[in-house]
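Chemist: Okay, handing you the structure first.
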Amino acid sequence: MLKILTHIIFVFLAFSSAAFAATATQIRVGVLGFGTVNWELDVMLRHELAKKRGVDLVVVPLASGDASTIALQGGSVDVIVSDWLWVSRQRADANLFSFVTYSNAVGSVVVDKDSPIKTLADLKGKKIGVSGGPSDKIWLLLRAHSQRNLGADLANTALPTFGAPPLLNELMQRQQLDAVLNTWAYTARLEAKGMQRLIELPEILAGLGVRGAVPLIGWVFREDWAAKNKDALNAFFSASNEAKQLMLTSDDEWLKLKPKMKAENDAIFTSLRDKFRAGIPQCAPAPMADITLTYKVLADIGGEKLVGKATQLSKDTFWPGYQATCNRP
């Protein structure tokens, strides 16, 4: 009887898997192998949040940001994480990609806890490390903020050093930089070691007349593919939102993620967790007026090198087919 029961269960599971494969829509998500997006995808897969919505989620590891956009353009993945500036620029060139907000987590300017630098004006003549290069969006917004509020461009008054996030963190800890503008995950590591924020994006934006939270990164995909797979794509976003709610409310989820986070100690683990949670978007989307104003600021200071032919935010950069779900407490 036991052998018969085992055989029946095996046949049932095989049939169920085959039935799911036949009806599910596969969505291939390209992510950096070391990126924090993997944490959310791990939660989605562990709880089968996409599968229960009829989506076969496939995670495709990629080597770099450039590799992800190339993979998306070449059709080897369906969805990546990128920014809406890239989407708008592509749409201006008739490459119709679309964007749905993923996270509001961004880096900030960090200084040593005993630093004499207390305000943005104190960065005059100081060495500031900047991740992402001269066209980094937060750096450009910071420059615009200083121009408007201090009457000076930090690119000229400070001494910027551009480099990769881990290198800049190392230089900061060796006191070879006076301040650093790094990505949120590396900022979290420095704050866990006692360093403090000098200024962060909401304050920068407020100084530019932008009052609401503006997302910079999101899920990006081809518009024509999205039109053919609208229900599955919205199901994927619903699974993503459910994963975020688990990560927002459950400390146990983070304990399961801890081995993947490569946190050097518990203080860094906690800082990374809290920074991720703080970046989870609110239920209400950012007002388009704030996004449009942010785009104008970036276009004015970044020029054609940043935005290409898109002198204004391209129509439908933010995917109009997104069916938002809201479970945030």
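Chemist: Got a sec? Charge dipole of the chain, +1 on Cβ for Lys and Arg, -1 for Asp and Glu; which of Thr270, Ile128, Thr249 is way out at the positive end?
Modeler: Towards the positive end, the residue furthest out is Thr249.
Chemist: How large is ³J(HN,Hα), in whole Hz, for each residue of the range 197-213 in order, when computed from phi with the Karplus curve 6.51 cos²θ - 1.76 cosθ + 1.60 and θ = phi - 60°, using x for Gly and Pro?
Modeler: 6, 8, 7, 10, 4, x, 5, 4, 5, 4, x, 10, x, 9, 9, x, 6
Chemist: Would you pull out the residues with amide H under 5 Å of Val130's amide H, same chain only if 5 or more places away, H placed 1.01 Å from N?
Modeler: Close amide H contacts, sequence-distant or interchain: Thr161, Phe162, Gly163, Leu181.
Chemist: Taking every alpha carbon pair in the chain, what does the distance histogram look like in 20 angstrom bins from 0, in percent?
Modeler: All Cα pairs considered, the percentages come to 29, 56, 13, 2, 0.
Chemist: On to the next question. Computed over the Cα atoms of the range 183-329, what is the ratio Rg over Rh, Rh following Kirkwood?
Modeler: Dividing the radius of gyration by the Kirkwood radius yields 1.00.
Chemist: Could you name the aspartates and glutamates in cross-link range of Lys309, using Cα to Cα under 17 Å and dropping any fewer than eight places away on the same chain?
Modeler: Reachable aspartates and glutamates: Asp83, Asp93, Asp300.
Chemist: So for the range 71-157, taking the charge dipole from beta-carbon charges (+1 Lys/Arg, -1 Asp/Glu), which of Val77, Phe97, Leu141 sits furthest toward the positive end?
Modeler: Comparing the listed Cα positions along the dipole, Leu141 ranks first.
Chemist: Further, regarding this structure: Rounded to the nearest 500 deg cm²/dmol, what is the calculated helix-only ellipticity per residue at 222 nm for the chain, with -39500 (n - 2.57) per DSSP H run of length n ≥ 4? Could you put the intermediate results ahead of the total?
Modeler: On the way: 14 runs with 163 residues, N = 329.
Helix contribution divided over all residues of the chain: -15500 deg cm²/dmol.
Chemist: Sort Leu167, Leu57 by heavy-atom solvent-accessible area, probe 1.4 angstrom, most to least.
Modeler: The residues order as Leu167, Leu57, largest area first.
Chemist: Using label points projected 7 Å from each Cα along Cα→Cβ, tell me how many nm separate Asp300 and Asp251, to one decimal.
Modeler: According to this spin-label approximation, the distance is 4.6 nm.
Chemist: Search the structure for amide H atoms under 5 Å from the amide H of Val31, placed 1.01 Å from N in the peptide plane, and list their residues when 5 or more places away or on another chain.
Modeler: Amide H to amide H, under 5 Å and 5 or more residues apart or across chains, Val31 pairs with Val60, Leu62.
Chemist: With θ taken as phi - 60° and the coefficients 6.51, -1.76 and 1.60, list the Karplus ³J(HN,Hα) couplings across the range 239-256 in order, rounded to whole Hz; mark glycine and proline as x.
Modeler: 5, 4, 5, 5, 4, 4, 5, 4, 5, 6, 10, 10, 6, 4, 4, 6, 5, 6
Chemist: While we're on this one: Tell me the net charge near Asp274. Cut-off is 15 Å between Cβ atoms, Asp274 excluded, with +1 for each Lys or Arg and -1 for each Asp or Glu.
Modeler: Taking every other residue near Asp274 into account, the sum is +3.
Chemist: Heavy-atom accessible area of Thr23 with all protein chains present, probe 1.4 Å, nearest 10 Å²?
Modeler: Counting only protein heavy atoms, Thr23 exposes about 110 Å² to solvent.
Chemist: Another question about this same structure. Tell me the label-point distance for the pair Ala206, Lys262, using the 7 Å Cα-to-Cβ offset, in nm and rounded to one decimal.
Modeler: Between Ala206 and Lys262, the simple spin-label model gives 3.5 nm.
Chemist: Most mobile of Thr119, Thr311, Thr292 per a Gaussian network model of the chain (Cα springs, under 10 Å)?
Modeler: For the chain, modelled as a Gaussian network with Cα springs under 10 Å, the answer is Thr119.
Chemist: I'd like to know how the range 110-185 sits against the 2.2 N^0.38 Å rule of thumb: what's its Cα Rg over that expected value? Don't jump to the answer; show the numbers that get you there.
Modeler: Details: Rg = 11.6 Å, N = 76, 2.2 N^0.38 = 11.4 Å.
Output field value: 1.01.
Chemist: What whole-number distance in Å separates the alpha-carbon centres of the range 111-138 and the range 164-198?
Modeler: 10
Chemist: Running a GNM on the chain with Cα contacts under 10 Å, which residue among Ser76, Ser271, Ser314 ends up with the highest mean-square fluctuation?
Modeler: Most flexible of the set in this elastic network: Ser76.
Chemist: Got a number for carbon plus sulfur as a percent of the chain's accessible area, 1.4 Å probe?
Modeler: Values: 8830 of 16050 Å².
Taking all protein chains in place, the chain shows 55 percent carbon and sulfur surface.
Chemist: Taking 0.36 nm per intervening residue step and subtracting the Cα-Cα distance, what contour gain separates Gln282 from Leu171 on full extension?
Modeler: Going from the current span to full extension adds 36.5 nm.
Chemist: May I pose another question? Taking a probe of 1.4 Å, how large is the accessible area per residue of the range 77-186, in Å²?
Modeler: I get 40 Å² per residue for the range 77-186.
Chemist: Once you charge only the Cβ atoms, +1 for Lys and Arg and -1 for Asp and Glu, what is the size of the charge dipole of the chain about its Cα centre, to the nearest 20 debye?
Modeler: Dipole of the chain, to the nearest 20 debye: 120 debye.
Chemist: Which trypsin sites (Lys or Arg not before Pro) does the range 69-141 hold that lie in a coil by DSSP with at most 13 other beta carbons within 10 Å?
Modeler: Lys113, Lys118
Chemist: Also, I was wondering about something else. Which residues in the range 27-51 have a backbone N closer than 19 Å to a point placed 7 Å from the Cα of Ile70 along the Cα-to-Cβ line?
Modeler: Zone members listed by number: 29-35.
The values are calculated or read from the model by the stated rules, or taken from the named source; none is laboratory data. Quick caveat: nothing in here was measured; it's all calculated off a predicted structure. All Cβ positions, even for glycine, are placed from backbone atoms using ideal geometry, and neighbour counts span all protein chains on display. Accessible surface areas use protein heavy atoms only, side chains included; no ligands, DNA or RNA. Shrake-Rupley method; radii C 1.70, N 1.55, O 1.52, S 1.80 Å.
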